[in-house]
Ligand SMILES: C[S@@+](CC[C@H](N)C(=O)[O-])C[C@H]1O[C@@H](n2cnc3c(N)ncnc32)[C@H](O)[C@@H]1O
C-alpha cells in the first residue's frame with residue numbers, strides 16, 4: 001500500500017521548522033535543546049556505556065543503511081525486508097498501520113509526536129494525526145532520509161540527532177511517542193531499559209507510547225524460537241557464532257515478560273500482535289503455490305486473535321498509556 005492509495009488522508013504541510021541537529025554524540029554538546037531540553041550527560045564508566053546505543057548500528061546506518069541499493073530499495077529494506085510483497089502482505093501492512101493509528105486514540109488538540117529510531121522509514125502514515133512531528137535518530141543519514149520521505153508526503157518534520165537512551169528533551173514534553181524496530185538494536189538490556197524510561201519520561205502524563213518490537217520466543221515459529229534460545233544462552237551462542245556468519249547488526253530482542261516488567265512502572269501496558277511472519281518467512285516464502293494459504297492463514301490469525309498472535313508470532317505492538325499525574 002502506498003501513501004497515495006491509503007484510506008486515511010495524505011498529511012498536509014505541518015507548521016514547524018525543519019532542523020537537522022548537529023550534536024556531538026560523545027559529549028552531548030550541541031544537542032538541540034528542543035522543548036526546554038536537558039543539560040548534556042557525561043558517560044564515562046563501563047556501566048554508563050551499557051546505557052547507550054551501539055556504535056556499530058550507527059556506523060551501518062550512517063554508511064550504507066539508508067543508501068539506495070541497486071534494487072531501488074534502501075540497503076535496510078534490501079537486507080531485512082520482504083523479497084516480493086504480494087497483495088496479502090500489503091493487506092497485512094494496512095492492518096498494522098490502522099492498528100498503530102488506533103493505539104494513539106484519543107489525542108488532545110494539536111498533539112506532538114516524538115518518533116525515535118525512524119531512520120529513512122518514518123511512520124508517515126501517522127503524520128496527519130499530529131501537529132508536530134519530531135524525528136530522533138543517532139544516524140544523521142537516517143534523519144536526512146526520514147525528513148526527505150516525510151517531505152515527499154507534505155510533512156515538515158523537525159529532526160534531532162541523539163541517542164534514544166538519553167533523550168535531549170524535557171520531561172512530559174510530547175503527547176505521544178513511537179519507536180519501531182530500533183530498541184532491539186541496543187545491545188545491552190540496561191540500554192533498552194534506559195530507552196524505554198527516556199521515552200516514557202518525555203511523554204506527558206496520560207499520553208501514550210507505542211513500540212514495535214520483536215518477540216524472541218514466537219511459539220508458532222519453533223525454529224526461530226530455538227535460534228533465539230541458542231543466541232540467548234552464553235555457551236551455545238559462542239558455539240553457534242563459530243558455525244554461522246555474524247549477523248549484520250547487533251540484535252537483542254528481549255522476552256515479552258521482560259519488556260512488560262520494564263514498562264509497567266510507567267503505566268498501563270497492552271500487548272498485541274504486530275506481524276506474525278519472521279524475517280526468514282517474509283524473505284523466503286512467496287505468496288504463491290503453498291505459500292499463499294500460509295500467508296492467508298497468518299493474516300487471518302493476526303486479524304482475528306491479536307493477543308494470541310502476539311505470543312505465536314514474531315513482532316509485537318506494545319502500547320503504554322502513561323499514568324496520569326496524581327492531584
Ligand atoms: C532497523 S532501523 C528502523 C527504521 C524504522 N523505524 C523502521 O521500522 O523501518 C533502526 C533505526 O534506529 C536507529 N537507532 C538504533 N539505535 C538507536 C539509538 N540508540 N538511538 C537513536 N537511534 C537509534 C538507527 O540509526 C536506525 O535508523
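Every read-out reported here was derived from the displayed coordinates using simple, explicitly stated rules and does not represent laboratory data. This structure is a prediction, so every number in the text was calculated from the model and none was measured. When we count neighbours, we look across all protein chains shown, and the Cβ atoms used for this are built from the backbone with ideal geometry, even at glycine.
Observations on the model:
- Most mobile listed residue (312, 235, 299) in the chain, GNM with C-alpha springs under 10 Å: 235
- Cβ-to-Cβ counts within 10 Å put 139, 71 in ascending order as 71, 139, the fewest first.
- For the chain, a Gaussian network of Cα nodes joined below 10 Å ranks 155, 208, 223 by mean-square fluctuation, and the top entry is 223.
- Extents of the chain, largest first, come to 55, 49, 49 Å (Cα atoms, principal axes, whole angstrom).
- DSSP beta bridges fully contained in the chain are about 45 percent antiparallel.
- The range 195-327: projected area of the alpha-carbon convex hull, averaged over directions, in nm²: 9.9
- Relative contact order, percent, the range 54-322 [alpha-carbon distance under 8 Å, six or more residues apart]: 21
- Put a dot 7 Å past the Cα of residue 59, heading toward its Cβ, do the same for residue 230, and the two dots end up 2.7 nm apart.
- Fluctuation leader among 98, 180, 141 - the chain, Gaussian network, Cα springs under 10 angstrom: 98
- The protection proxy used here, the mean number of other Cβ atoms lying within 10 Å of each residue, ranks peptides 182-192, 259-269 as follows, highest first: 182-192, 259-269.
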